[in-house]
Structure formats: structure tokens, C-alpha cells
Amino acid sequence: MYLYTGVVDMRKSIDGLALLVEGSMELNPMLPALFVFCNRGRDKIKMLYWERNGFVLWYKRLEKQRFKWLKASSNELSASITGYELNLLLDGLDVFNNKPHEALFYESVG
């Protein structure tokens, strides 16, 4: 899953969002991935994904709260997150500043 870290005009529909993925994020919008976009007020999210023979667009609008979002940097317009992190984000949690410790993997204990 990829977050677009820039601000998106929520009047954009499938074609406009797919062009953002292709142009600004430099990714193929038909990848088996979910692309997530947020507006300036951080109260609306759109998600775009390709499903076999067409695009699917999902939209969520908050009535009072705001989504926690990454600030766009000049060189990175996208960030990768997991499905679990997306669920936390949609529930209103700040997944960018409250990350758990990294998982460690060792070949042996010695």
C-alpha cells in the first residue's frame, strides 16, 4: 500500500488519481497495490486500486476528526505502509509517530 504524501484535491476521480500515481509517485496504477490519498483538511481519504479489469475507488469522509498524515517532502511523494497500519490510520491512530520496535531476526542465539 502506498500513501501519496502530497495534498490531493478530492474532486479528482479515478483518472486524475491514476495520473498522480503514474506521474508524481512514478508507479504503475495497475500494480496489485492500494494507493491512498488525503485532502488538505485531512478529513477525506480516497483509495484507488486496480482489480482485474477496472479501477475501484473507495472514499471516506470524517465528520469531526482528522486523519494523521505524513507531511510531503520535496523528494518523497509516496510512503509504503502495511494493511495493519492502514487500518490503524483509518481508525484515527498516528501510525507514523507511534511505531513499535523493529522486529529482530537472528540465525542463532550464540
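The values are calculated or read from the model by the stated rules, or taken from the named source; none is laboratory data. Given the structure is predicted, the values throughout are model-derived calculations rather than measurements. No Cβ is skipped: glycine too gets one built from the backbone with ideal geometry, and neighbour counts run over all protein chains shown.
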*Please work out which residue is modelled with the lowest pLDDT, limiting yourself to the stretch 1-58 and to residues that are surrounded by fewer than 18 Cβ atoms within 10 Å (Cβ to Cβ) and of a type in the set (Val, Ile, Thr).*
Val7
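Within 19 Å of Arg66 (Cα to Cα) and either in contact (Cβ under 8 Å) with a residue 40 or more places away in the chain or in contact with a Ser or Thr (Cβ under 7 Å, 6 or more places away or on another chain) (or both): is that true of Gly6 in this structure?
Values: within 19 Å of Arg66 (Cα to Cα): yes; either in contact (Cβ under 8 Å) with a residue 40 or more places away in the chain or in contact with a Ser or Thr (Cβ under 7 Å, 6 or more places away or on another chain) (or both): yes.
Against the criterion (within 19 Å of Arg66 (Cα to Cα) and either in contact (Cβ under 8 Å) with a residue 40 or more places away in the chain or in contact with a Ser or Thr (Cβ under 7 Å, 6 or more places away or on another chain) (or both)), Gly6 qualifies.
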*Return the only residue of Arg52, Arg61 being under 26 Å from Gly92 (Cα atoms) and out of contact with any helix residue (DSSP H, G or I) (no Cβ under 8 Å at 6 or more places or on another chain).*
Arg61
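Quick one: is Leu70 in contact (Cβ under 8 Å) with a residue 40 or more places away in the chain, in a loop (DSSP other than H, G, I, E, B), touching a Phe, Trp or Tyr at 6+ places or on another chain (Cβ under 6 Å) and of a type in the set (A, V, I, L, M)? Give the steps one after another, and end with the answer.
On the way: in contact (Cβ under 8 Å) with a residue 40 or more places away in the chain: yes; in a loop (DSSP other than H, G, I, E, B): yes; touching a Phe, Trp or Tyr at 6+ places or on another chain (Cβ under 6 Å): yes; of a type in the set (A, V, I, L, M): yes.
Answer is yes for this residue.
Is it the case that the stretch 85-104 has a residue that's in a loop (DSSP other than H, G, I, E, B), at pLDDT 90 or above, charged (D, E, K, R) and surrounded by fewer than 10 Cβ atoms within 10 Å (Cβ to Cβ)?
Of the stretch 85-104, the ones in a loop (DSSP other than H, G, I, E, B) are 91-104.
Next cut, at pLDDT 90 or above only: none.
No, that holds for no residue.
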*Of all residues in the stretch 63-83, count the ones that are more than 12 Å from the chain's Cα centre (by Cα) and modelled with pLDDT of 80 or more.*
4
